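Engineer: Supplied in structure tokens, the structure appears directly below.
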Amino acid sequence: MELLDIVDEHGNPTGETVDRETAHAAGIRHRTSHVWILRRRDSGVEVLLQKRSEQKDSYPGCYDISSAGHIPAGIGFVESALRELKEELGISADSRDLIYCGQRTIRWDDVFHGKPFHDWQVSNVYCLWHDAEPEELTLQKEEVSGVLWMNLSECIHLVQTNGFPNCIVTEELLMLPQS
């Protein structure tokens, strides 16, 4: 059972915890770290997108943030971001490599696998400049079924027009460096 800190509107732990399943069933506020991996090309900045595993409890098979995850109780935003990078993509990074882009509060309700799903997160958003080809990454198969690089401007357009299966929020892409 994965325990999460219950947090206030700024992402500060309240001293209480909740298991992940209950947090999503009841819509209890918790924390996540989001890391967008970027690289520069002649055509502009590219962003690495991960394709979520078909077994995920939400948005199976959709393209998503390069690396993201719930923050276990007692762990900080940066520590969790670095752990997720290593687990999901096999990328070892240092806290100095992460560039803080801002904080978002996310609240949405949906249904997945026939069950209500309520997600209320406070997320710190980071970017990481890291140029690696997809075949150089070690994907965590339970979480990630594939990755692809996409021009950031094109990605923003396709997310805005729902041009490919994704669970990306335009607001978060706009937090990233555009050059």
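The values are calculated or read from the model by the stated rules, or taken from the named source; none is laboratory data. Note that this is a predicted model, so its numbers are computed, not measured. Quick reminder, even Gly has a Cβ in these numbers, built from the backbone with ideal geometry, and neighbours come from all protein chains shown.
Engineer: Just checking, how many residues over the range 120-179 are over 13 Å from LEU48 (Cα atoms), outside any strand (DSSP E or B) and touching a Phe, Trp or Tyr at 6+ places or on another chain (Cβ under 6 Å)?
Structural biologist: 2
Every residue, every condition in (1) of a type outside the set (A, V, I, L, M); (2) assigned to a loop (DSSP other than H, G, I, E, B); (3) at positive phi, yes or no:
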site	(1), (2), (3)
THR14	yes, no, no
HIS24	yes, no, no
ARG40	yes, no, no
SER80	yes, no, no
GLU84	yes, no, no
GLU88	yes, no, no
ILE91	no, yes, no
ILE106	no, no, no
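Engineer: Let me ask something additional. Which residue, of ASP97, ASP119, is surrounded by 15 or more Cβ atoms within 10 Å (Cβ to Cβ), among the acidic types (Asp, Glu) and in contact with a Leu (Cβ under 8 Å, 6 or more places away or on another chain)?
Structural biologist: The match here is ASP97.
Engineer: Is it true that TYR59 is under 20 Å from LEU158 (Cβ atoms), surrounded by fewer than 19 Cβ atoms within 10 Å (Cβ to Cβ) and among the aromatic types (Phe, Trp, Tyr)?
Structural biologist: yes
Engineer: Pick from the range 18-56 the residues that are of a type in the set (Ser, Thr, Tyr) and in contact (Cβ under 8 Å) with a residue 24 or more places away in the chain: which of them is nearest to GLU154 (Cα to Cα)?
Structural biologist: SER43
Engineer: Still on this structure, I have one more. Scan the range 121-179 residue by residue and report those that are among the aromatic types (Phe, Trp, Tyr) and within 18 Å of TYR59 (Cα to Cα).
Structural biologist: Scanning the range 121-179 gives a single hit, PHE164.
Engineer: Sticking with this structure for a sec: Hey, can you tell me all the residues within the range 112-163 that are β-branched (Val, Ile, Thr) and touching a residue at least 24 places away in the same chain (Cβ under 8 Å)?
Structural biologist: If the condition is that a residue be β-branched (Val, Ile, Thr) and touching a residue at least 24 places away in the same chain (Cβ under 8 Å), then VAL122, VAL125, THR138, VAL144, VAL147 are the ones that fit.
Engineer: As an exercise: evaluate VAL47 against (1) buried (at least 20 other Cβ atoms within 10 Å of the Cβ); (2) of a type in the set (Val, Ile, Thr); (3) over 17 Å from VAL144 (Cα atoms) and give the number of the one condition it does not meet.
Structural biologist: So the condition that VAL47 fails would be (3).
Engineer: Separate question: So if I check each of GLY102, GLY146, which one is modelled with pLDDT of 95 or more, surrounded by fewer than 16 Cβ atoms within 10 Å (Cβ to Cβ) and in contact with a helix residue (DSSP H, G or I) (Cβ under 8 Å, 6 or more places away or on another chain)?
Structural biologist: Residue meeting the stated conditions: GLY146.
Engineer: Considering each residue of the range 63-78, count those that are aromatic (Phe, Trp, Tyr), under 28 Å from GLU16 (Cα atoms) and in a strand (DSSP E or B), and give that number.
Structural biologist: Here the count works out to 0.
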